[in-house]
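Contents: one structure, followed by commentary.
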Amino acid sequence: MNLTRAAPWPAGTAPFADPGETELLELSLGPQHPSTHGVFRMNALLDGETVVRLQPVFGYLHRNHEQLAERMSYLASMPFTDRLDYFCSLTNNWAYALTVEKLAGLEVPERAEYLRVILAELTRLQNHTVFLGFLLGDMGAWGSVLMYGFRQRDAVLDLFEALTGSRMMCDYLRFGGCRCDLPPGWAAAARLVVDSYPGFLDEMEQLLTENEILRARTMGIGGVEAKRLVNAGVSGPLLRAAGLSHDLRKVDRYGIYDRFSFRIPLGEKGDVYDRLMIRLLEMRESLNILDSALRDLPEGPVINPQAKLRNFRPPAGEAYGRIESPKGELGFYLISDQSPQPYRYRVRPPSLINLTLLEEMCVGAKIADVMVILGSIDIVLGEVDR
Amino acid sequence: MTDPDRLLSLLEAGLPGSAGRVRRWTNPGPSGQDALLVDPDAALEVALFLRDHPELQLDYCSNVTGVDWLPREVTESVTTTETVGGETKEVTKKVTRTEPGYLEAVYHLYSVALRHGPVILRLRAAGREAPAPLPSLTPVWRSAEFQEREIFDLYGISFSGHPDLRRLLLWDEFEGHPMRKDYVAPDEDGLPAIETAAAKGEANR
Amino acid sequence: MRKLKQLPGVGLLKGMLVTGRNFFGSYRNPRRLVTVSYPEQRLLLPESSRNFPFLVYDGNDSVEGLRCVACKTCERECPSGAIRIVQARDENGRPAKHPERFEIGIDACMGCQICAEVCPFDAIKMDSDYEHAATGRTRPMVHNKLRLAKSNTYYHRIKPREAAEVDARLEMERFRKEEARRKREEAARMKKEAAAKAAAAKPEAPENS
Amino acid sequence: MAVTIPSDAAPPPGRTSLAFPARRPGLTLAAAAGVLVVGTTLLVLLLDRKAPGILTGAVVEALAHPATAPLILKAGVLGWLAEGWGLGEPWLGLASISLSLFTIVAVFMGLFALTSIVERKVLARIQNRYGPNRAGLWGLLQPVADGIKMLTKEDIVPAGGDRWMHLLAPVMLAVPAFLVLALLPYGPGMTVVELGVGILFFFALGASAEVAVFMAGWSSNNKYSLLGAMRAIAQMISYEMPLLLAALAVVMLAGTLSPTLMVEAQAGHAFGFVPQWFVFTPWGLVGFVLFFIAALAESNRSPFDLPEGESELVAGHMTEYSGFRYAVFFLAEYIGLFGICGFAVALFLGGWHAPLPVLDFIPGYLWFFLKLYGLVLLAIWIRGTMPRVRIDQLLAFSWLFLIPTGFCVLAGAALWHFTGGGWLGWLVVTPVVTAPYFLLLPRLQSAEANALRTYRFSEE
């Protein structure tokens, strides 16, 4: 794919014979680049520092996750879903488990539903926490915010490790419930983490929201009107930053989200600053959910006894399930032909589809803004390329 | 709002003559997500109608994916009347015939404005041969852009009307479409296969 | 549109206040630190922490005591195909209930613990030992049976709660089996006795009839 | 839950403990002491029999008069060269300048090594990490390790690059950076080269850095390098103006172009305790801030580190450099920072003067380095806090705010001169120099960026 336009001068003449004519610069950003969030590549066409065209190039981390899943049992795909968006393994687990439960018509015990909500909200917290750090890193703030975020996130990861055995690759949910019950003292520890979060958020707000450089770098950058975002399938905080109240926790009310009272923060412009602030505000709402979920956590079994671990064969049919992952709408589409493997296994990756409008957001901005816009979309290449 | 029968009647009212070209596809599973089987020729028209109808407003195309249906052998009992030696009688035979395979593109539509869904569209290509043309719905929903490219890449359905139909995940020189059910990965390193259960094809059965 | 009511630059100064506080705070309160000085300081792992699987053996013999019966369930269920089992044969060539070879490629293993979950015999469990670094290139990435075998005592040491549960369950199963066997034997004995009685009674029958 | 256990406690059960050698800080000290002893012995063996007497005398006198110790030591060595070796005039002058240069280069190389570790340590602590702490005591030998690593790395000239230009560029950057050091007034009578037009020379040297950066960017045959170099040119040209204007105000009031005389103009204390530094005047304060901001930009420090902005340009003009050439770039940047901070100290912070009369017993050159290092630490702190600005914002900031402020500072300095300072001066000059801050700076940001955003919440 040749991005450069045809040379405006005939061959053999001096390149700058016409003083008004300058050459566009084609710059390949990535796949090895400090701030493309992994092995992502963008072919940018620059006029000076201004972006004229920008084409994302995918696939450097492609491993055909879907084909792998179609060749192994339903259960065996669960640990692989951890590796899609490796920051949010538990929400990936949930989306997959939710779809399989739809496919097989499995009920989930109440305690397991509560655990899922708690873990999903903790996942959202830690994802948004490191998002702040990475975004600031993309702006060149040299890792301070990233480290504060990591410190806070570590507390959440400690909880994950104590419960699931792994900090990031949790592999915790099972069809019809959760793998194991909480270890003793976990709920109290989770309560401590939740209580420590507002202080952290206050500190971040003090550090970030009034910072003039940050405001100058983020305001009015990358905004696209909500209607176009919807048409392009963009979901999650990006859509809400543009002022559209669309949160699957409220729209679909999957799981037991209808039992919690929480609000959806909405932005106006949909620019990078709004995306940042929406995530900060969303974290506070997640804390409210966690607060009541930890309080109301009922006793009982954590897994539906009818759910089979081995030789699981859902009835023939298909199901599409989606949840509000921290990155956006994460969907799974499964077709069963009653064999132990799914006939079709499809992941609807929010990270990939949120990139649909990347060029539109970046054209006319400066090259440095491209990184900030990309950072504000919050992609994970494990999910983009699958 | 997403009951397929209701959708069909709306379609018939809004797009006369669509009855023959849009059919209902029933999901046998417990999820109850039935689909509309849309004739490829009518797909663009139907998609625009679904998006813009004030009662539907399916403005959000959540998921687009391909499915590869291999040719399958169907065994049916067929009853015919035969005349054997002047005697006419009904004979029931078991007939095995091969249903041709086809590639399918599945669209999951939602309405952000009205909060309903999913409405599922299924577009079936004529066969499994290489170009396997289907109309692209990217002009209707931009979110299909990358996903249709991915289907083109991994299944080999070529979407006519797509603004930029290239491989998405694999490189341009790649041969074959790896998500097809009959795809066999070339043996690149030539190393002897490791005798694990997975390699022997016994895994997870 | 309301304006931000502050002098330009104040936001930056506030930010510097935060970083300054963190600078001094990191000296005053070591708990603020994100990292630990690794070989000297270590984080305490929670009990459920997992990375690679190991095989549990009872008693002192790491070969004879293995709980594994080579049923190959884990080999079939392993998502990454990292487990390889060859079943042992006894002297008559019949399959024996222990593995001849049990290998886990820890380069392929992703520590998902599905093997430990599906094992019907509680024979494979997740270890939390993370120090697998080697200084040479030749150290094999495939761990064999000897390397994988670890005692039940070790299991108790790293995961006391879980191991105690497993032990209780195994004990209960053993007890049930024993009970069943006892009952079976009892039943057999009763049957035998009854048969003997019947046999004893039989010769008299024709006389009675 | 992250519980750390102290190192002397037994490792948790189940851990295979790898054998790590215990850390021995004593070893580092012993090695350093050994090097010192051997070095001194060698030196003494090289000298003739008159040397010990003369040199010991100089050392004793230097200890007695710490304020002028470097001068005394230098005079001692020169005296020994003249007496012991019988050196005549042209050689003696050469020896004198060589001694000064050697001392300055040694001091600043040490400072560079120290700063490279201090910066990493401070940034780490700002980010709540430990920072490098493995090489030697507190990680103090880290610069040595870095140096060895850099020296042993392959030196690559990219294919299609301009080889000689590529090789020359770091040198071209380092030489002017070091030349600046010769102009700094470290203490009374302690300027290496007493140049009447020191300030002028300083700006000339600063301008030559642009050439070197562009050479590096152009010769690398890399688009990132080229973009970085173009940014560097635009940035350095834009920020030389405010730097110059701020310095010009001092030139006007001190009535000299020589940094030494400028420092001397700031001697004394008002009311017996307020130092008469220029930073304690309204125009001087604004001028200092202006100078420091422009200095950050001139030395490519955060938040103005656009030429090497790693989040978009990987490493800017240094992308294709490796090994020792990269280290030279690094060195040149630090030395440039020291030089420009040294000028800030000389122009605004009273140079070698102590802030309070009671602190006069501390030698002047120590004060100078203390102040210089204070500014360096401030730069590090800023780096740990601030995100990078964008190129258009960077240029707008300079042309639309800093340069007008610079003119206001000039005017303020003139007014200060005519009012003769005092309360009248404060009254007149303060509004003049702060006017751009209140009038121009708020308009620099778009109305959008100045707006207070409120966020709606939806219950649905």
Expected single match for at negative phi and part of a helix (DSSP H, G or I) among D:193, D:175 is D:175
Filter result for residue A:217 (crowded, with 24+ Cβ neighbours inside 10 Å, in a helix (DSSP H, G or I) and within 9 Å of another protein chain (Cβ to nearest Cβ)): yes
Checking B:123, B:114, B:154, B:165 in turn, the sole residue that is of a type outside the set (D, E, K, R) and touching a Gly at 6+ places or on another chain (Cβ under 9 Å) turns out to be B:154
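Based on what the data block shows, is residue A:197 farther than 20 Å from residue A:277 by Cα and of a type in the set (Phe, Trp, Tyr)?
On the way: farther than 20 Å from residue A:277 by Cα: no; of a type in the set (Phe, Trp, Tyr): yes.
Here the answer is no, as residue A:197 does not meet what is asked.
Answer yes if at least one residue in region A:256-267 is under 22 Å from residue C:11 (Cα atoms), at pLDDT below 90, within 9 Å of another protein chain (Cβ to nearest Cβ) and not in a helix (DSSP H, G or I), and no otherwise.
Here is the first cut: in region A:256-267, the residues under 22 Å from residue C:11 (Cα atoms) are A:267.
Among the residues that remain, those that are also at pLDDT below 90 are: A:267.
Next, only the ones that are within 9 Å of another protein chain (Cβ to nearest Cβ) stay: A:267.
Now drop any that are not not in a helix (DSSP H, G or I), which leaves A:267.
Yes, some residue in region A:256-267 is under 22 Å from residue C:11 (Cα atoms), at pLDDT below 90, within 9 Å of another protein chain (Cβ to nearest Cβ) and not in a helix (DSSP H, G or I).
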One residue is enough: does region A:289-305 have a residue meeting the conditions in contact with a Ser or Thr (Cβ under 8 Å, 6 or more places away or on another chain) and crowded, with 24+ Cβ neighbours inside 10 Å? no
Exactly one condition in (1) buried (at least 21 other Cβ atoms within 10 Å of the Cβ); (2) under 26 Å from residue D:236 (Cβ atoms) is not met by residue D:429; state its number. (2)
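Counting only residues that are away from chain D (no Cβ under 14 Å), give me the helices (runs of 4 or more DSSP H) lying completely in region A:52-164 with at least 2 of them.
Details: elements: A:65-70, A:78-82, A:89-104, A:110-138, A:144-164.
Output list reads A:65-70, A:78-82, A:89-104, A:110-138.
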Region A:33-49, residues that are facing another protein chain (nearest Cβ under 9 Å) and either closer than 25 Å to residue A:95 by Cα or not small (Gly, Ala, Ser) (or both): A:33, A:34, A:46, A:49
Neighbours by Cβ (under 9 Å, 6+ apart or cross-chain): first from region C:161-189, assigned by TED's automatic domain parsing to the domain that holds residue C:126 and among the hydrophobic types (A, V, I, L, M, F, W, C); second assigned to a helix (DSSP H, G or I) and at pLDDT 90 or above: none
Please go through region A:268-293 and pick out each residue that is more than 13 Å from every other protein chain (Cβ to nearest Cβ), within 19 Å of residue A:126 (Cβ to Cβ), over 17 Å from the mean Cα position of the chain (by Cα) and not charged (D, E, K, R). A:287, A:289, A:290, A:293
The condition from (1) within 14 Å of chain B (Cβ to nearest Cβ); (2) crowded, with 24+ Cβ neighbours inside 10 Å; (3) in a helix (DSSP H, G or I) that residue A:207 misses is numbered (1)
Go through region A:42-79 and give me each residue that's buried (at least 23 other Cβ atoms within 10 Å of the Cβ) and without any contact (Cβ under 8 Å) to a residue 12 or more places away in the chain. A:76
Which ones in region D:111-167 are aromatic (Phe, Trp, Tyr) and within 14 Å of another protein chain (Cβ to nearest Cβ)? D:130, D:138
Which condition breaks for residue B:70 when tested against (1) within 14 Å of another protein chain (Cβ to nearest Cβ); (2) free of Cβ contacts under 8 Å to residues at least 60 places away in the same chain; (3) not charged (D, E, K, R)? (2)
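Would you please name the residue that is farthest from the other protein chains (Cβ to nearest Cβ), looking only at residues in region C:36-46 that are of a type outside the set (A, V, I, L, M) and surrounded by 17 or more Cβ atoms within 10 Å (Cβ to Cβ)?
Of everything passing the filter in region C:36-46, C:42 is farthest from the other protein chains (Cβ to nearest Cβ).
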From A:230, A:234, residue being among the β-branched types (Val, Ile, Thr), under 16 Å from the mean Cα position of the chain (by Cα) and either assigned to a helix (DSSP H, G or I) or crowded, with 22+ Cβ neighbours inside 10 Å (or both): A:234
Residues that are more than 30 Å from residue A:237 (Cβ to Cβ), at least 1 per element: which helices (runs of 4 or more DSSP H) completely within region D:386-460 meet that? D:391-396, D:403-419, D:422-439, D:441-444
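Condition check ((1) assigned to a loop (DSSP other than H, G, I, E, B); (2) over 20 Å from residue A:155 (Cα atoms)) across all residues:
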site: C:18; (1), (2): no, yes
site: C:24; (1), (2): no, yes
site: C:40; (1), (2): yes, yes
site: C:46; (1), (2): yes, no
site: C:63; (1), (2): yes, yes
site: C:69; (1), (2): yes, yes
site: C:76; (1), (2): no, yes
site: C:79; (1), (2): yes, yes
Which is touching a Gly at 6+ places or on another chain (Cβ under 9 Å), more than 15 Å from residue D:284 (Cα to Cα), surrounded by 22 or more Cβ atoms within 10 Å (Cβ to Cβ) and facing another protein chain (nearest Cβ under 9 Å), of D:456, D:383, D:388? D:388
Testing residue C:33 on (1) buried (at least 20 other Cβ atoms within 10 Å of the Cβ); (2) more than 7 Å from every other protein chain (Cβ to nearest Cβ); (3) free of Cβ contacts under 8 Å to residues at least 24 places away in the same chain, one condition comes back false. Which one is that? (2)
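Suppose the filter is part of a strand (DSSP E or B) and either within 14 Å of chain A (Cβ to nearest Cβ) or out of contact with any Asp or Glu (no Cβ under 9 Å at 6 or more places or on another chain) (or both); does residue C:150 pass it? Walk me through it before giving the result.
Values: part of a strand (DSSP E or B): yes; either within 14 Å of chain A (Cβ to nearest Cβ) or out of contact with any Asp or Glu (no Cβ under 9 Å at 6 or more places or on another chain) (or both): no.
For residue C:150, the condition - part of a strand (DSSP E or B) and either within 14 Å of chain A (Cβ to nearest Cβ) or out of contact with any Asp or Glu (no Cβ under 9 Å at 6 or more places or on another chain) (or both) - is not met.
In region D:252-309, what residues are outside any helix (DSSP H, G or I), closer than 13 Å to residue D:239 by Cβ and not aromatic (Phe, Trp, Tyr)? I'd like the intermediate steps shown before the answer.
Going residue by residue through region D:252-309, those that are outside any helix (DSSP H, G or I) are D:255-258, D:266-277, D:281, D:299-305, D:309.
From the residues that got through so far, the ones that are closer than 13 Å to residue D:239 by Cβ too are D:299-301, D:303-305.
Hits for region D:252-309 are D:299, D:300, D:301, D:303, D:305.
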Residue C:76: passes all of (1) within 14 Å of chain B (Cβ to nearest Cβ); (2) loosely packed, with under 14 Cβ neighbours inside 10 Å but (2)
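The values are calculated or read from the model by the stated rules, or taken from the named source; none is laboratory data. Remember, it's a predicted structure, so these values are computed and weren't measured experimentally. No Cβ is skipped: glycine too gets one built from the backbone with ideal geometry, and neighbour counts run over all protein chains shown.
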